[in-house]
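The values are calculated or read from the model by the stated rules, or taken from the named source; none is laboratory data. Note that the structure is a prediction, hence the values are computed from the model and not measured. Virtual Cβ from ideal backbone geometry, glycine too; neighbours counted across all protein chains shown. Side chains are part of the model used for accessible areas, which takes the heavy atoms of the whole protein and leaves out ligands, DNA and RNA. Shrake-Rupley method; radii C 1.70, N 1.55, O 1.52, S 1.80 Å.
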Amino acid sequence: MIVGELEVSQNDDVLGTMGAGKVFGELAILYNCKRTATVKAVSDAEIWAIDRSVFQVIMMKTGMQRQKEHIQFLKSIPLLKNLSSEYLMKLADSLDVDFFPEKEYIIREGTKGDTFYIISNGKVRVSQFVSGFTEPQEVRSLTTGDYFGEKALLSEDVRTANVIADVGGCECLVIDRMVFNELLGQIQEIQNKDYGDEERGASRLSLEKKQIGTVQVDPVPTPSTFNRLPIMKPADHASAASSCESLQDKNEYAHILMSDLEGIATLGMGGFGRVELVQNINDKKTYALKCLKKSHIVETRQQDHVYSEKNIMMACKSPFISKLYKTYKDNRYVYMLIEACLGGELWTILRDRSSFDDFTSKFYTGCVVEAFSYLHGKGIIYRDLKPENLLLDTRGYCKLVDFGFAKKIGFGRKTWTFCGTPEYVAPEIILNKGHDVSADYWSLGILIYELLTGYPPFSGSDPMKTYTIILKGIDMVEFPRRITKTAGILIKRLCRDNPSERIGYQKNGIDDIRKHKWFQGFDWEGLKMQRVVPPIIPKLNGCTDTSNFDQFPKDRDIPSEELSGWDADF
Ligand code: 6J7
């Protein structure tokens, strides 16, 4: 605001007034949600305004620019010259930048250490206690591009020298223990570094290790928030379905005409259109037909998402992902002929049972891990994990459905579209920092929590409250006793605020999740080969039985024709 006076109110209660120089309106833009308060001019006022798209572009560009600069700088450091660009990107993503004024101790000898530093600008002086002297003796000075702080992380745990900011202060890139171990710990130069401490007679002070205080966690209220809607999505509640047979080759379906399909029942519906169970009149096989209203797609500008959904699903061949066999179109709809999964939504089963036991949760999580392993291996992120998007097939295996938010981003790249379902959205998506497959690992942590308890860990009465709770972090969440210690550890490792620290996103990839203690003894091979007996076997009476789905009324609404031609290649 430039000139004038503004009044801020909520539900007719005046919260305060603002004058020149104040900034407002950022919350709804940051969090992609409705305005949280009313702002009214109480005098003539002049204001500068930025709309959401410009704000997001600025956020995206500054984020990309910062990352580019960090990568460029990291590339110029001889120590890191052999690091792959994937590692450099992860490093650039995980580091913090800190400034230390002149004479400040960055590191104090004898204290516990958990961070590694690279000097990005300025100088430091390094000193050490040496036998025969009462004061620490200066041993060297370091400048831009030099690093320090590795010894406590490699073996000692305790700092072996003092590092003090020199004249003019010093700016450092700060890397924590976990990222250091993951990305830098194996570098030979670091492993073999010998500072000549022994020859010098260094006598490291053995200060008492500081006790790490226990963090007091405020229990977060966790209301049951079902009926969760995704953000910026063509379909609010798209579900697919199944056939009685295991259908493998999509070319087999090329000959199926729309006129061969007879409607049996509705499996799901929303603003986007509906999903119908249909039967081929010739061979009696059943499918899910997802019918998307073209006018709705155009109104919500989801054309690219719909194409992406088609292309990704068509390219996927995994038993843990529902198959897309064929697409059709007419003047009002585009259609996707999808494998039916008549066991119903995992969400419905979870709702009916309140929560799952450890093995049941492991089994469904395992199916998702296999689906993610397949998608991520192809450079595809899914971005909408939740029990509503997991359907059970006739045998009780679950499959990922609804690829409206999936995107092929390749490797070492990020994307910026704000999407997902509030309770499952990762902090970097909320903060518009750019995200990649690591956002799927975050959502996997949320899923495990929800399967084990029946409710998600972060949940508010509206999306913005949910986002605010998410940004407080997983350590603020109460873990009920039904979440075992090892399950809790895995959830916390998946829901790290820093995407690079999430399990699944490190050098061994998703295998780290498969090998996690919570999965000890789990038959991954059996799951992959679908030999494991599923924990819940759906009751089904033939391939037209829709009793595992809610009932929906007949669709009387005929959408308007949409003839712009955007779907020419659909
Ligand atoms: Br730089 C530097 N020079 C020395 C040295 O001569 N002896 C020791 N022990 N450490 C030196 N350092 C760095 C090294 O990276 O200072 C850091 C203090 O914390 C040390 O790692 P640290 O022991 O974690």
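One table, with the values for the structure above:
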read-out: Residue-wise HN-Hα coupling along segment 310-319, computed from phi with Karplus coefficients 6.51, -1.76, 1.60 (Hz; x: Gly, Pro); value: 4, 5, 5, 5, 4, 7, 8, 9, 9, x
read-out: Per residue accessible area of the chain, 1.4 Å probe, in Å²; value: 47 Å²
read-out: Positive dipole terminus of segment 340-398, leading residue within S361, L391, G377 (C-beta point charges); value: G377
read-out: Segment 434-508 shape via C-alpha gyration tensor axes, a/c threshold 1.5; value: oblate
read-out: Sites E199 and K485 - FRET efficiency at Förster radius 45 Å, r taken between beta-carbons, to 0.05; value: 0.45
read-out: Vicinal HN-Hα couplings computed from phi for segment 266-282 (Karplus, 6.51 cos²θ - 1.76 cosθ + 1.60; Hz; Gly/Pro x); value: 8, 9, x, 8, x, x, 5, x, 8, 10, 10, 7, 10, 10, 6, 5, 7
read-out: Share of carbon and sulfur in the accessible heavy-atom surface of the chain [1.4 Å probe, %]; value: 49 percent
read-out: Cα-based shape type of the chain, given that a ≥ b ≥ c are square roots of the gyration tensor eigenvalues and the cut on a/c is 1.5; value: prolate
read-out: At R0 = 56 Å, FRET efficiency that the Cβ-Cβ distance of I58 and E135 yields, to 0.05; value: 0.65
read-out: Proximal charge balance of K34 [Cβ under 13 Å; K/R count +1, D/E count -1]; value: +2
read-out: Sorted peptide list for 79-85, 157-163, criterion being average Cβ within 10 angstrom, highest first; value: 157-163, 79-85
read-out: Theoretical gain in end-to-end length, V23 to I537 [0.36 nm per residue, Cα-Cα removed]; value: 179.4 nm
read-out: Of K378/K507; K378/K528; K492/K517; K61/K433; K399/K517; K323/K399, those spanning more than 20 Å from alpha-carbon to alpha-carbon; value: K399/K517
read-out: Check: the chain dipole with +1 on Lys, Arg Cβ and -1 on Asp, Glu Cβ, in debye; value: 880 debye
read-out: Sorted largest first, extent of segment 53-97 alpha carbons per principal axis (Å); value: 39, 15, 15
read-out: Protection proxy ranking, peptides 271-281, 310-320, average beta carbon neighbours within 10 Å, highest first; value: 271-281, 310-320
read-out: Counted charge near S84, where neighbours are those whose Cβ lies closer than 12 Å (Asp, Glu -1; Lys, Arg +1); value: +3
read-out: Convex hull projection area averaged over all views, segment 372-496, Cα basis, nm²; value: 8.2 nm²
read-out: At R0 = 45 Å, FRET efficiency that the Cβ-Cβ distance of R177 and L563 yields, to 0.05; value: 0.15
read-out: Exceeding the 24 Å Cα-Cα cut-off - candidates K103/K193; K290/K407; K329/K554; K151/K472; value: K103/K193; K151/K472
read-out: Descending semi-axes in whole angstrom, ellipsoid equivalent of segment 479-570, from the Cα gyration tensor; value: 39, 25, 17
read-out: Cα gyration tensor category, rounded, prolate or oblate, for segment 431-472 with a/c compared to 1.5; value: oblate
read-out: Cα centroid separation, segment 452-530 to segment 1-62 (Å); value: 36 Å
read-out: Where Rh is the Kirkwood radius over Cα pairs, Rg/Rh for segment 93-147; value: 0.99
read-out: Stretchable slack from I71 to Y328, in nm (0.36 nm times residue separation minus alpha-carbon distance); value: 88.0 nm
read-out: Virtual spin-label span in nm between M314 and D157, 7 Å along Cα→Cβ; value: 5.8 nm
read-out: Most positive-pole-ward Cα, L289, L451, Y325, against dipole of the chain from beta carbon charges; value: Y325
read-out: Karplus 3J(HN,Hα) series, Hz, for segment 171-188 with 6.51 cos²θ - 1.76 cosθ + 1.60 (x for Gly, Pro); value: 9, 10, 8, 10, 10, 8, 3, 5, 5, 4, 4, 6, 10, 10, x, 8, 5, 4
read-out: Cα→Cβ-extended label distance, 7 Å offset, between V167 and S461, nm; value: 6.0 nm
